[in-house]
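Okay, structure first, notes after.
The values are calculated or read from the model by the stated rules, or taken from the named source; none is laboratory data. No experiment lies behind these values; they were computed from the predicted model shown. Every residue, glycine among them, receives a Cβ derived from its backbone with ideal geometry; neighbour counts consider all protein chains shown. When the accessible area is computed, the model is the full protein with side chains, heavy atoms only, and any ligands, DNA or RNA have been set aside. Shrake-Rupley method; radii C 1.70, N 1.55, O 1.52, S 1.80 Å.
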Amino acid sequence: MIYLDNNATTKVLPEVRDAMVKYLTDEYGNPSSKYYQLAINAKKSIDDARRNVSKLFSCDADEVIFTSGSTESNNMIFKGLADLTNKRHIIISNIEHPSIMETAKFLEKHGYRITYIEVNSCGVVDPSKIESAIDDDTFLVSTMWVNNELGSINDISTMAAICKNKGVYYHVDATQAVGKIDVALPNGVTSASFSAHKIYGPKGVGALILKKDCDGIPIKLTPLIHGGEQEFGYRAGTQGVHNIIGLSKACEIVLRDFLINVKKIREKEDIVYDLLKNKLGDQIVFNSPMTNKVAGVLNFQIKGVKNVIFLNKISEFIAASSGSACSITHPSYTLKAIGLTDSEIENSIRFSLSPYEDITELEDIL
Ligand code: PMP
């Protein structure tokens with residue numbers, strides 16, 4: 001079986017698994033305990049992991065808050081900031097992941113005003129639209145770095161500069177960017193989220209990168225999860241040390257193998273693109289933009305063929321999807337936002353590739 005749903009989740013790399021095992025067996029200490037070696041080891045491992053993750057984002061280690069993943073990190077920043085401000089206006093794009101979209105809608109029900117910025121036909125936000133939408137009541141702008149369905153890349157640096165200039169928080173959902181582009185955070189990004197399972201790490205762990213303010217003072221944020229003092233008081237609960245170790249290892253591998261993996265995934269995308277073109281000819285229409293897009297994501301329509309039928313038919317040989325795994329029961333609002341009709345959306349499929357997946361047999365299957 002060829003796995004082409006790497007934007008939904010990825011396999012755990014053996015190196016990552018091996019790094020985790022020790023923390024599921026011998027090293028079971030609680031990092032918040034003291035005095036004895038098991039606890040000291042656990043605390044040190046988490047500190048090292050924090051440093052490792054910070055290298056990827058070019059931030060300080062104490063700006064890394066471990067969470068259960070992007071969904072939690074996104075909820076945490078929206079609700080945590082909203083709770084502490086008198087302002088009421090938030091700006092997001094109209095193709096954000098449900099973990100942003102639904103959190104914004106939740107806040108809307110509680111009296112906040114949300115502006116949904118329309119993306120262009122490539123699924124990209126025009127930074128000038130963000131600039132014009134910011135008013136005196138705005139406290140938060142949030143956009144994804146890379147879109148999960150199309151692979152399109154937003155101009156994060158320009159939007160970060162605009163937000164910094166206007167004095168508003170700028171949150172970036174970096175979930176689909178890590179491992180595919182350089183995610184050193186540009187000046188002006190105040191927070192970012194990501195999940196380990198999109199980068200060959202374990203499920204149920206991720207981080208919120210929460211940048212300190214320009215005076216180096218930690219930003220105040222109401223916790224989503226109240227309780228203990230873990231994670232600098234931002235996120236209570238005993239840390240899943242094994243998962244954090246897995247996340248850290250996955251980040252280390254992203255940094256170490258970045259260039260080679262991007263090259264590999266680009267080559268694989270070229271192969272898949274040519275195969276689809278050759279096999280399907282005029283029947284195929286690509287929804288993903290061909291420029292300003294990360295390598296490895298191909299969203300396309302097969303004219304006259306419903307995606308459910310196609311995906312079921314190939315499911316024995318190819319694992320792929322029609323779009324976001326987090327909203328499978330609804331037609332894609334992302335594809336709608338870039339101008340596709342309902343029937344074009346029903347014919348749309350996403351292949352998301354991996355540098356680690358052998359695709360040589362794809363030619364015989366398609
Ligand atoms: N944001 C984006 C862009 C995503 O693709 C995903 C995962 N599909 C998430 C957030 C949520 O990640 P998780 O399910 O790991 O919390």
Note to self: Running a GNM on the chain with Cα contacts under 10 Å, which residue among C122, C214, C251 ends up with the highest mean-square fluctuation?
What the structure shows: C214
Next item on the list: Please report the relative contact order for segment 163-233, taking Cα pairs under 8 Å with a sequence separation of at least 6, and give it as a percent rounded to a whole number.
Entry: 22 percent
Note to self: Of A236, N261, I318, which is farthest towards the positive pole of the chain's charge dipole, taken about the Cα centre with +1 and -1 on the beta-carbons of Lys, Arg and Asp, Glu respectively?
What the structure shows: A236
Item checked: Y36 accessible area, assembled protein chains, probe 1.4 Å, Å² -> 110 Å²
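Starting from the alpha-carbon convex hull of segment 271-323, give the projected area averaged over all orientations, in nm². Please report the intermediate quantities before stating the final value.
Working: hull surface 16.1 nm².
Average of the hull's projected areas for segment 271-323 equals 4.0 nm².
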Check: log10 I(q)/I(0), Debye, Cα-only the chain, no solvent, q = 0.07, 0.12, 0.14 Å⁻¹?
Finding: -0.31, -0.90, -1.18
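How large is the convex hull of the C-alpha atoms of segment 22-127 per residue, in Å³?
Details: hull volume 17.9 nm³, N = 106.
Dividing the Cα hull volume of segment 22-127 by its residue count gives 169 Å³.
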Next item on the list: Under a cut-off of 22 Å between alpha-carbon atoms, report the lysines in cross-link reach of K303, not counting same-chain residues fewer than 8 places apart.
Entry: K277, K279, K313, K336
Next item on the list: Go ahead and run the numbers for FRET between K11 and I225, Cβ-Cβ distance against an R0 of 25 Å, rounding to 0.05.
Entry: 0.30
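Two decimals, Cα atoms only, Kirkwood Rh: what is Rg/Rh over segment 95-180? Don't skip to the end; give the middle numbers.
Working: Rg = 12.6 Å, Rh = 13.4 Å.
Using Cα coordinates only, the ratio equals 0.94.
How big is the dipole moment of the chain about its Cα centre under a simple scheme where the beta carbon of each Lys and Arg is +1, that of each Asp and Glu is -1, and everything else is neutral? Debye, nearest 20, please.
480 debye
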Next item on the list: Send over a whole-number figure in Å² for the accessible area per residue of the chain, probe 1.4 Å.
Entry: 44 Å²
Notebook entry, point to check: What fraction, in whole percent, of alpha-carbon pairs in segment 229-324 exceed 17 Å separation?
Noted result: 68 percent
Checklist line | Relative intensity, log₁₀ I(q)/I(0), of segment 287-366 from a Debye sum that treats every alpha carbon as a point, q = 0.18, 0.19, 0.27 Å⁻¹ | finding: -0.81, -0.90, -1.49
Next item on the list: Between T360 and R256, take the C-beta separation as r, use R0 = 41 Å, and let me know the FRET efficiency to the nearest 0.05.
Entry: 0.95
Item checked: Exposed GluC sites (Glu not before Pro) absent: longest stretch of the chain, with sites in DSSP loops and at most 14 other Cβ within 10 Å deemed exposed -> 1-117
Notebook entry, point to check: At a Förster radius of 25 Å, what calculated FRET efficiency corresponds to the Cβ-Cβ distance of K166 and E102, to the nearest 0.05?
Noted result: 0.45
Next item on the list: Report, in whole Å, the centroid distance computed from the Cα atoms of segment 142-206 and segment 235-287.
Entry: 16 Å
Item checked: Accessible area of segment 173-301 belonging to carbon and sulfur atoms, whole % at 1.4 Å probe -> 53 percent
Check: Mean residue ellipticity at 222 nm from the helices of the chain, using -39,500 (n - 2.57) per DSSP H segment of n ≥ 4 over the full residue count, to the nearest 500 deg cm²/dmol?
Finding: -11500 deg cm²/dmol
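Greater than 18 Å separation of Cα atoms is the criterion. Which listed pairs, K105/K164; K198/K249; K11/K43, meet it?
Numbers: K105/K164 25 Å; K198/K249 13 Å; K11/K43 27 Å.
The pairs that break the limit, which is 18 Å between Cα atoms, are K105/K164; K11/K43.
What's the local net charge at P202, with K and R +1, D and E -1, over the other residues with C-beta under 13 Å away?
Working: positive: K11, R17, K198, K203, K249; negative: E15, D18.
Residues near P202 contribute +3 overall.
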Next item on the list: Grab the other residues whose beta carbon is less than 14 angstrom from that of E269, score K and R as +1, D and E as -1, and report the net.
Entry: +4
